[in-house]
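The values are calculated or read from the model by the stated rules, or taken from the named source; none is laboratory data. These numbers come from a predicted model, not from an experiment. Note: ideal-geometry Cβ built from the backbone for every residue, glycine included; neighbour counts use all protein chains shown. These area figures cover heavy atoms from the full protein model, side chains too; ligands, DNA and RNA do not enter into them. Shrake-Rupley method; radii C 1.70, N 1.55, O 1.52, S 1.80 Å.
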Amino acid sequence: MITIEKVCKKFGKSEVLKDLSCQIESHSIYGLVGANGAGKSTLLRLINGVYEMDRGSIKIDGVEISDREELKQKLVFVPDDLFFYSTYTLLDSAKFYEAMYKKFDMEACKEMASLLKLDLHKKIATFSKGMKRQCALILALSTNAEYMFFDETFDGVDPVVRNVLKKLLAKQTLEKNATIIMTSHNLRELEDICDNLGLLYQGGILFQSDIDTLKTNMCKVQISLKGEFNEENFKDFSLLNYKKCGSVATLILRGTKEETEKEFKKMKPIILDYIPITLEELFIYEMESVGYVFSEIV
């Protein structure tokens, strides 16, 4: 588990992180979302010891991150600005990682490179931006580190390869019990892989939740009733959003399908459909319920 308590970080007069606190559970995939400049990269760099915090505490499995010797084999970090030695091939880079990480799996690295059609003997400097990102990801996965950090995880990667990478990341958590922390300014990139999500805004975690709880405790419903009706007809529900087009209303409300369906059927609706709700919609309505405009945050 990663425990972050009241962490602050300034660059000059700019306070990037302000008393940030959160917990990241072990053996899960945690997504950190926020607009560019929100502090996502800074937080990952603090956890990995690239930067030093001004105040606060960061512990990994109860160990302060200042004790780098004990933690260094547990952590691997892929930053948003990738670096590879200009003359190195993917195989050269793999050997470099192998020298640093005791659990590095060379065979797994070669298998993933083959899966992604990456030439082990070609200089990484000649690869495209997306291919370089793929190289960085499979090298990190091959370390078998307990905690893996990926900044702007799928930057430059096309949708087909992105799905392959997501499967590899999920496999690492399921089979190797890895804890993966990944950032993105695009919520849609993370919604189908993360167990938990945190929204970073103005230097702190504005909102976080596990995805299953979030999805089961909110519903999107299309309904039509006999005769005229309006929002007032649904005052007994925990309504977050109401829109009516013609004779059909679309509702966003708190509660499970089982709880709400029973009450809706008492109203004898002409139409009652439950529609899948996206993670982005969930965040939009959660933010609106506490007075924030989601589009201004991410």
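Below are the figures for this structure:
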| quantity | calculated |
| --- | --- |
| Given (1) at pLDDT 95 or above; (2) surrounded by 12 or more Cβ atoms within 10 Å (Cβ to Cβ); (3) assigned to a loop (DSSP other than H, G, I, E, B), index of the condition Val50 fails | (1) |
| Residue in region 271-280 that is of a type outside the set (Ser, Thr, Tyr), closer than 30 Å to Leu46 by Cα, in contact with a His (Cβ under 6 Å, 6 or more places away or on another chain) and open to solvent by 20 Å² or more (accessible area, probe 1.4 Å) present | no |
| Which numbered condition Thr256 fails, given (1) open to solvent by 80 Å² or more (accessible area, probe 1.4 Å); (2) over 30 Å from Ala38 (Cα atoms); (3) in contact (Cβ under 8 Å) with a residue 40 or more places away in the chain | (1) |
| Residues (in contact (Cβ under 8 Å) with a residue 12 or more places away in the chain, in a strand (DSSP E or B) and charged (D, E, K, R)) located in region 189-244 | Asp210, Lys220, Lys244 |
| Filter result (open to solvent by 10 Å² or more (accessible area, probe 1.4 Å) and modelled with pLDDT under 95) within region 131-156 | Glu152, Asp155, Gly156 |
| Scope region 87-129; condition of a type in the set (Asp, Glu), under 15 Å from Leu168 (Cβ atoms) and open to solvent by 80 Å² or more (accessible area, probe 1.4 Å); matching residues | Glu107, Glu111 |
| Criterion: crowded, with 18+ Cβ neighbours inside 10 Å and more than 9 Å from the chain's Cα centre (by Cα) - qualifying residue of Leu190, Leu174, Leu200 | Leu200 |
| Residues (farther than 22 Å from Gly156 by Cα, assigned to a helix (DSSP H, G or I) and not polar (S, T, N, Q)) located in region 69-90 | Glu69, Glu70, Leu71, Lys72, Lys74 |
| Residues (assigned to a helix (DSSP H, G or I) and under 19 Å from the mean Cα position of the chain (by Cα)) located in region 264-287 | Leu279, Glu280, Glu281, Leu282, Phe283, Ile284, Tyr285, Glu286, Met287 |
| Residues (modelled with pLDDT of 90 or more, of a type outside the set (Asp, Glu) and farther than 25 Å from Leu174 by Cβ) located in region 15-39 | Val16, Leu17, Lys18, Leu20, Ser21, Gly39 |
